[in-house]
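These notes concern the structure reproduced below.
Readers should treat all values here as calculations from the given coordinates under stated rules, not as data from a laboratory. Here the structure is a predicted model, which is why all the values come from computation and not from measurement. Virtual Cβ from ideal backbone geometry, glycine too; neighbours counted across all protein chains shown.
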């Protein structure tokens, strides 16, 4: 999984039926060199909002989340991070 | 998922039976450093066209899309983006 | 999916039973910065040859291809590209 | 799989039910250029702790681990590395 | 799949039950810019040894290999490469 920050929202009216009613959030992975990683669009499953630090699961694991088992998704927010402790040089 | 722009089309006459009748579009991920990411060829499932900003799902999630469950695909366009709001520094 | 060019072949006598009789081709993704992406070894399912521009599917989607459903593969050539049109700045 | 070092912990109170009771550790892949790879948050399945050198499995393989088969995870610690021998120029 | 060279071994006493008795080898992908790709730890399924040039399958395809269908693995050595021919400019 990755830890990221919710930085935005995506609205799509015309979309796969499996995405109807899902909240799509833009998440920026933390500790990520600015020239390296795209923001990820993830389906929210825990009530996250802008500014929250969240846990993201990608790939088929995203469909193990609540109500997403047959949805066209490859990324889901599965937790809101309360705290993260990383040792020196851990980045 | 990723947000990208549809920039082209691919025509392949000789192909897997599971791809017959599928529209193959070339999508360029947004916010993507030009030297970093390849364009993606994705199967359209929502009637997207050149210039549209779209939502792409990759990996096995692409086969959760309508009519693609046993197709040889790893990327599908599953939504047309109406709007995307990203907070400052969100990129 | 990605578009690439077939640039070589791989011969392996000792291999997984599921790969016996499969043609292994080396494919170089197109529009790929030379220092960025490895060539991919893909199983041919459409009769591709050296120099052909092909459509590659990677990951579990490769096993959705004909006769590969229980094979140890993560990349397959699933189409021969006749033409690819990309708008300006599309790369 | 990858070899990494456990460098931290993540606490998330609000999360997917499938993650309740799971220990989430931050792992930094070894031999990894500092500007290249994000730390990974992985579910511990072997009793690892800070400073341990561990074996990580990512993707759907993480859910083949004990008690994780229907969890929203994409990375798991599946071994504690006793020793790793790499030939010259191997890194 | 990727072609790589076996450069080392990993020993882990405490590990997932599904990995007991499996040989874990460190493989360095070929044609790989030194600053780009980590070595991969892969389960050997073909009797490979240090110095061998091998074919690696990653992701869920690794579990399509002999005796690995329910193991916590994301990479397997599935062939020993006898020869690899790549056209000029193919890298």
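Counting only other chain Cβ atoms within 10 Å of each residue's Cβ, the peptide D:24-30 averages 4.
Starting from the label point of residue B:83 at 7 Å along Cα→Cβ, the same points in the other copies fall at 3.9, 3.9, 6.3, 6.3 nm, in ascending order. Inter-copy label distances at residue B:69, using a point 7 Å along Cα-to-Cβ, come to 1.3, 1.3, 2.1, 2.1 nm with the shortest given first. Along Cα-to-Cβ, 7 Å out, sits the label point; list in nm, shortest first, how far the one on residue B:21 is from those in the other copies. Copy-to-copy label distances for residue B:21: 2.9, 2.9, 4.7, 4.7 nm.
Considering only alpha-carbon pairs that sit under 8 angstrom and 6 or more positions apart, the relative contact order computed for chain A is 30 percent. Normalised by residue count, chain B yields a Cα convex hull volume of 106 Å³ per residue.
A Gaussian network model of chain A, with springs between Cα atoms under 10 Å, assigns the largest mean-square fluctuation among A:77, A:40, A:50 to A:50.
Only Cα sites of the protein assembly as shown enter the Debye sum here, all with the same form factor; the resulting log10 I(q)/I(0) across q = 0.08, 0.10, 0.12, 0.14 1/Å is -0.43, -0.69, -1.03, -1.45, listed in q order. The residue of chain A whose Cβ sits closest to the rotation axis that maps A onto E, together with that distance in whole Å, is A:60, 4.
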